[in-house]
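The next block holds one structure in the form of structure tokens; read it before the comments.
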Amino acid sequence: MNKEVMKNPSKYLGNELKYLEKVLEGESWSATGGSWTIGLEQAFSKRIGTKYGVAFNSGTSTLHAALEAVGVGAGDEVISPALTVIMDSTATFAANAIPVYCDIVEDTFNLDPDKLEALITPKTKAIIAVALYGLSPDYDRILDIAKRHHVAVIEDNAQAVLSSYKGKMLGTIGDISSFSFENTKHISCGEGGMILTDQEEYAEKCRKLGGHGFKNLRAEDGRVRLNQDMFQNPDYKRHDALGWNYRMPEFTAAVAYAQLERVDELVKLRQESAKIFMDVMKTCDYLIPQKTPDGYVNSYYSLGVRYLGEEKTGKTWQEFRKEYVDIGGDGYYGAWSVPYLEPVISERVFAKRLPGIYENVRYEHGLCPVAERVQKQIMQMKTNYRDLELAKRKAEILFSLIRKYE
């Protein structure tokens, strides 16, 4: 079979160029004085349903800011699921805290509430609840445990825009939430992120942490030079908090704003693409999609699938992928290694950051056995099709491969 020649249309089909031209025509290209970033914050927080939005330069800096905003500090513990990207761990290290890993539910791939409570200690300050591939974790149980132990819940929604849990939009459930606008995400502007919260205190802390600690930053406004006479006075003191430069530029905000205008369409395309592939997989018993429980809406950043077909097909995970690619299919991806088996953690590179805190912190193979097993099975299948005919064609190719091994 000849390899596929159909092209996936550009993801930037809205007002991106128009808005970029407006930024170029403006007087300010910085979030410290411009209006596009503020406009994006207001529009995104309104769309999801929170009081405050704070734009950042990535969905990793948002996690760092969220952790510090809820009070995580040196030597504190932060629980996160064992199947997720490493950034939940590195953001924890950036806050000088200690990652604690919770195993996952086998069929949803998300944090297992049955394993959560036993991990909480007097040092636990936060739980990072990840919506993996766009699927919400079980927030009723997570929040119940967190509230009884006075622990903050941070939603990591990097892969989940317009996902919901029992009628509640993700981003409105925990104490504070983090979104990513990186190049592969539902809303994409190259790099970028957003903090959402209903808590003014958290929003202001995030604003200052991401904006050099300027004292006149507020929860609802990231501009710092509103009064030029005051700001340029040589006696004026500018900074009352420790902060970094995590701000989102106006150019990035303009692109993200144009993407936000089409977010319902972009999410629907991913959901429909995932359904096309899942319909094909119903014909076999060794490709098992991530389970979406009743009452959950999955936005399908990717379609996570467990491959259990080595005995049936005689093909390893890698061999099955190669055969799919060879006959014209899109090459799916493997899931990231569980974070604590990455060399930066397993070889204790992180410990050099603060030896006094991390001297006795070690992670071993077998810590979270379900996550370690499932991670090796997962195929992360593409859903980012802007042409559903292309998705159908790729699914037909997968179907032909499935039929070969009937």
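The values are calculated or read from the model by the stated rules, or taken from the named source; none is laboratory data. Keep in mind it's a predicted model, so treat the numbers as computed, not measured. Positions of Cβ are generated from backbone atoms using ideal geometry, with glycine treated the same way; all protein chains shown enter the neighbour counts.
Conditions tested, residue by residue: (1) hydrophobic (A, V, I, L, M, F, W, C); (2) outside the structural domain of LEU63 (by TED's automatic domain parsing); (3) not in a helix (DSSP H, G or I).
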site	(1), (2), (3)
ASP114	no, no, no
GLU117	no, no, no
ARG141	no, no, no
ALA146	yes, no, no
HIS150	no, no, yes
GLU155	no, no, yes
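May I ask you to say which residue of ARG306, ARG270 is in the same structural domain as LYS376 (by TED's automatic domain parsing), within 29 Å of TRP36 (Cα to Cα), at pLDDT 95 or above and basic (Lys, Arg)?
After applying the criteria, what remains is ARG270.
Conditions: (1) of a type in the set (Ser, Thr, Tyr); (2) within 22 Å of ILE187 (Cβ to Cβ); (3) free of Cβ contacts under 8 Å to residues at least 24 places away in the same chain. SER273 meets all but one. Number of the miss?
(3)
Give the residue, chosen from ALA55, ALA69, ALA74, ALA43, that is more than 15 Å from the chain's Cα centre (by Cα), closer than 20 Å to ILE187 by Cβ and not basic (Lys, Arg). Spell out the reasoning first.
On the way: ALA55 fails: more than 15 Å from the chain's Cα centre (by Cα); ALA69 fails: closer than 20 Å to ILE187 by Cβ; ALA74 fails: closer than 20 Å to ILE187 by Cβ.
Among ALA55, ALA69, ALA74, ALA43, only ALA43 is more than 15 Å from the chain's Cα centre (by Cα), closer than 20 Å to ILE187 by Cβ and not basic (Lys, Arg).
When VAL130 is evaluated against the numbered criteria (1) closer than 20 Å to LEU341 by Cβ; (2) surrounded by fewer than 18 Cβ atoms within 10 Å (Cβ to Cβ), which criterion, by number, is the only one it fails?
Checking VAL130 against (1) closer than 20 Å to LEU341 by Cβ; (2) surrounded by fewer than 18 Cβ atoms within 10 Å (Cβ to Cβ), the one that fails is (2).
Is it the case that SER273 is among the polar types (S, T, N, Q), touching a helix residue (DSSP H, G or I) at 6+ places or on another chain (Cβ under 6 Å), under 26 Å from VAL105 (Cα atoms) and assigned to a helix (DSSP H, G or I)? Before the answer, list the steps.
Numbers: among the polar types (S, T, N, Q): yes; touching a helix residue (DSSP H, G or I) at 6+ places or on another chain (Cβ under 6 Å): yes; under 26 Å from VAL105 (Cα atoms): yes; assigned to a helix (DSSP H, G or I): yes.
Criteria met by SER273.
Starting from residues that are at pLDDT 85 or above and outside any loop (DSSP other than H, G, I, E, B), keep the ones in the stretch 214-242 and report whichever is nearest to the chain's Cα centre (by Cα).
Per the criteria, the residue is ARG218.
Looking only at the stretch 186-197, count how many residues are buried (at least 24 other Cβ atoms within 10 Å of the Cβ) and closer than 21 Å to LEU20 by Cβ.
6
Okay, residues lined up against (1) of a type in the set (A, V, I, L, M, F, W, C); (2) more than 24 Å from LEU83 (Cβ to Cβ):
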{"residue": "CYS284", "(1), (2)": "yes, no"}
{"residue": "PRO289", "(1), (2)": "no, no"}
{"residue": "ASN298", "(1), (2)": "no, no"}
{"residue": "GLY304", "(1), (2)": "no, no"}
{"residue": "LYS312", "(1), (2)": "no, yes"}
{"residue": "PHE320", "(1), (2)": "yes, no"}
{"residue": "LYS352", "(1), (2)": "no, yes"}
{"residue": "GLY366", "(1), (2)": "no, no"}
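Could you pull out the residue among LEU308, LEU367, LEU388, LEU303 that is surrounded by 19 or more Cβ atoms within 10 Å (Cβ to Cβ) and in contact with a helix residue (DSSP H, G or I) (Cβ under 8 Å, 6 or more places away or on another chain)? Give the derivation first.
Numbers: LEU308 fails: surrounded by 19 or more Cβ atoms within 10 Å (Cβ to Cβ); LEU367 fails: surrounded by 19 or more Cβ atoms within 10 Å (Cβ to Cβ); LEU388 fails: surrounded by 19 or more Cβ atoms within 10 Å (Cβ to Cβ).
Step by step, each of LEU308, LEU367, LEU388, LEU303 is checked, and only LEU303 is surrounded by 19 or more Cβ atoms within 10 Å (Cβ to Cβ) and in contact with a helix residue (DSSP H, G or I) (Cβ under 8 Å, 6 or more places away or on another chain).
Which of the residues belonging to the stretch 294-323 are among the aromatic types (Phe, Trp, Tyr) and closer than 21 Å to ARG386 by Cβ?
Matches in the stretch 294-323: TYR300, TYR301.
Condition (residue is surrounded by fewer than 21 Cβ atoms within 10 Å (Cβ to Cβ), closer than 19 Å to PRO293 by Cα and at pLDDT 95 or above) applied to the stretch 171-181: is it met by at least one residue?
Restricting attention to the stretch 171-181, the residues satisfying the condition of being surrounded by fewer than 21 Cβ atoms within 10 Å (Cβ to Cβ) are 172, 175.
Filter once more, keeping what is closer than 19 Å to PRO293 by Cα: none.
No, there is no match, as no residue in the stretch 171-181 is surrounded by fewer than 21 Cβ atoms within 10 Å (Cβ to Cβ), closer than 19 Å to PRO293 by Cα and at pLDDT 95 or above.
Please work out if TYR333 is loosely packed, with under 15 Cβ neighbours inside 10 Å and touching a strand residue (DSSP E or B) at 6+ places or on another chain (Cβ under 6 Å).
Yes: the conditions hold for TYR333.
Cβ-Cβ distance below 8 Å, separation of 6 or more or different chains: which pairs start in the stretch 19-37 with a residue that is under 22 Å from PHE214 (Cβ atoms) and assigned to a loop (DSSP other than H, G, I, E, B) and end on one that is modelled with pLDDT under 90 and among the hydrophobic types (A, V, I, L, M, F, W, C)?
Close Cβ pairs satisfying both conditions: THR32/VAL224; GLY33/VAL224.
Can you name the condition, by its number, that GLU200 falls short on among (1) surrounded by fewer than 21 Cβ atoms within 10 Å (Cβ to Cβ); (2) at pLDDT below 95?
With (1) surrounded by fewer than 21 Cβ atoms within 10 Å (Cβ to Cβ); (2) at pLDDT below 95 applied to GLU200, the lone miss is (2).
Could you check CYS102 against (1) farther than 14 Å from ILE154 by Cβ; (2) touching a strand residue (DSSP E or B) at 6+ places or on another chain (Cβ under 7 Å) and say which number it fails?
Unmet for CYS102, out of (1) farther than 14 Å from ILE154 by Cβ; (2) touching a strand residue (DSSP E or B) at 6+ places or on another chain (Cβ under 7 Å): (1).
Within the bounds of the stretch 238-247, is there any residue that is polar (S, T, N, Q) and in contact with a Ser or Thr (Cβ under 6 Å, 6 or more places away or on another chain)?
Scanning the stretch 238-247, I find no residue that is polar (S, T, N, Q) and in contact with a Ser or Thr (Cβ under 6 Å, 6 or more places away or on another chain), so the answer is no.
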